[in-house]
Amino acid sequence: MIVLELFTAPTTNGLRATIMLEELGLPYRVHAVELGGELASKPAALLAANAAGTVPTLIDHRENLSISQSFAIMQYLGEREGRFVGHDLRSRAAIVQWMSFVMTDVISATHPIFVLTVQVKTTPPDIIAHYESRLLHYFHRADEQLATSPFLAGDEISVADLALYPTAHFRLPLISRSERTGHLQRWLTEVGARAGVQRGMSVPSPA
């Protein structure tokens, strides 16, 4: 029996979940879910686990629970396996701080860029430039941190790094336009070279 099942789509949120699963080396079955559409079109098993039908949603049959939201999934899996979430109060506090930075500050800036450039084709350039400048501000903050340590929360890679990676990867053209992202680009190369990250970024084919 497959213990873990993941309902997901090839979004940065979905990639966070698959990266975490692959980095932990956990066997799981992935179910590709088409974005949008009516709830009635969603898989019945997904709706049984998450009435909102949002992805990613993880079902853990061993623990008889389901969980949605990429941050929550990553944190849950990290605590379940005792990896990437810190070993003491100080390290856990740093990881939660940087995870919050990713999931609030960074995502609040990058999501509007997607909406205004992909979904809304008539957005004035100055509005797009505003959000790009805002996102670069947060990337510069990450770069300053990475100038002092190999990873966001210190010497060891954590869920905060794994959460930031998909967004930074897809925003590399923007990152490369700035002269203040050398440490971030070093970090991108190092994290992107990890086998688990590479597998997770490929969004494994449905079983």
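The values are calculated or read from the model by the stated rules, or taken from the named source; none is laboratory data. The structure presented is a predicted model; accordingly, all values stated were derived computationally and were not measured. Here Cβ is always computed from backbone atoms with ideal geometry, including for glycine, and neighbour counts include all displayed protein chains. What goes into the accessible areas is simple: the full protein's heavy atoms, side chains included, and nothing from ligands, DNA or RNA. Shrake-Rupley method; radii C 1.70, N 1.55, O 1.52, S 1.80 Å.
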Exercise for the section: Determine the equivalent ellipsoid of the chain by diagonalising the alpha-carbon gyration tensor, then write out the semi-axes as square roots of 5 times the eigenvalues, largest first, rounded to whole Å. Expected result: 28, 23, 14
Practice task
Please give the per residue accessible area of the range 23-147, computed with a probe of 1.4 Å over protein heavy atoms only, in Å².
Solution key: 55 Å²
Practice task
Just the number, please: carbon plus sulfur as a percent of the accessible area of the chain, 1.4 Å probe, no ligands or DNA/RNA counted.
Solution key: 55 percent
Practice task
Please compute the net charge surrounding P150, taking Lys and Arg as +1 and Asp and Glu as -1 over other residues with Cβ under 11 Å from its Cβ.
Solution key: -3
Problem - trypsin sites (Lys or Arg not before Pro) lying in DSSP loop within the range 102-194, provided at most 16 other Cβ fall within 10 Å - result: K121, R177, R180
Exercise for the section: Within the range 1-54, report the GluC sites (Glu not before Pro) that DSSP leaves as loop and that have at most 12 other Cβ atoms within 10 Å. Expected result: E34, E38
Completion exercise
In nanometres, the difference between 0.36 nm per residue of separation and the alpha-carbon distance of S41 and S202 is 55.5 nm
Practice task
Find, among the GluC sites (Glu not before Pro) in the range 125-207, those assigned to loop by DSSP (not H, G, I, E, B) with at most 12 other beta-carbon atoms within 10 angstrom.
Solution key: E179
Problem - Range of Cα positions in the range 123-207 per principal axis (Å), largest first - result: 43, 37, 17
Practice task
Please give the length that would be gained between R180 and T123 if that part of the chain were fully extended, namely 0.36 nm times their separation in residues minus their C-alpha to C-alpha distance (nm, one decimal).
Solution key: 17.8 nm
